[in-house]
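S.K.: I'd like to ask you about the structure that follows.
Every number in this text was worked out from the coordinates using simple rules, so none of it is lab data. Owing to the predicted nature of the structure, the values given are computational and were not obtained by experimental measurement. FYI the Cβ positions are ideal-geometry reconstructions off the backbone, even for glycines, and counts take in every protein chain you see.
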Amino acid sequence: MNKSVQAQALYLANLLALPGLSFLLLAFLYYKLVWQGEQQIIRDALDLNLDDCKDLKQQRGIESSISQQELDQSHARAAIWLSVIGGSLVLGGCSSIYLGIEHSTHAWPMIILYFTIMHTSFVMWGMINLARATSSRLPYFKIL
């Protein structure tokens, strides 16, 4: 199993099975791949502009020119940042709903609905990125 599949699998395990332990393992994998890697300069594969491609064949040709190390780093980076952003959005949103309308009878149903929608959308994003990692393609994440 290559490192990009491991990173996306740990991301999904962080959301579904073992939240704390999986995040620590994902952070360790990110540290090993991105921060402690060889001191050579590696281009950031997430900065490739694949939106200008005319067809899927041209896009796949560009993606096949990416080395496995660049692909692993891109997936690890996407997984760790999606975990951080997802955790912040879920916990921050739920706590702000609770603090905003604490004494309302609709507070807990709104919190449960918000949590379910956000959590499910991040799980689906992780499943798409896991499928892309198994087929050696770049993840869908171009924010950071």
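S.K.: Taking segment 82-119 on its own, how many of its residues are closer than 30 Å to Trp35 by Cα and surrounded by fewer than 15 Cβ atoms within 10 Å (Cβ to Cβ)?
M.R.: The qualifying residues number 5.
S.K.: To continue, here is another question. State which residue is surrounded by the most Cβ atoms within 10 Å (Cβ to Cβ) when the search covers only segment 120-144 and only residues that are under 14 Å from Arg77 (Cα atoms) and hydrophobic (A, V, I, L, M, F, W, C).
M.R.: Ala133
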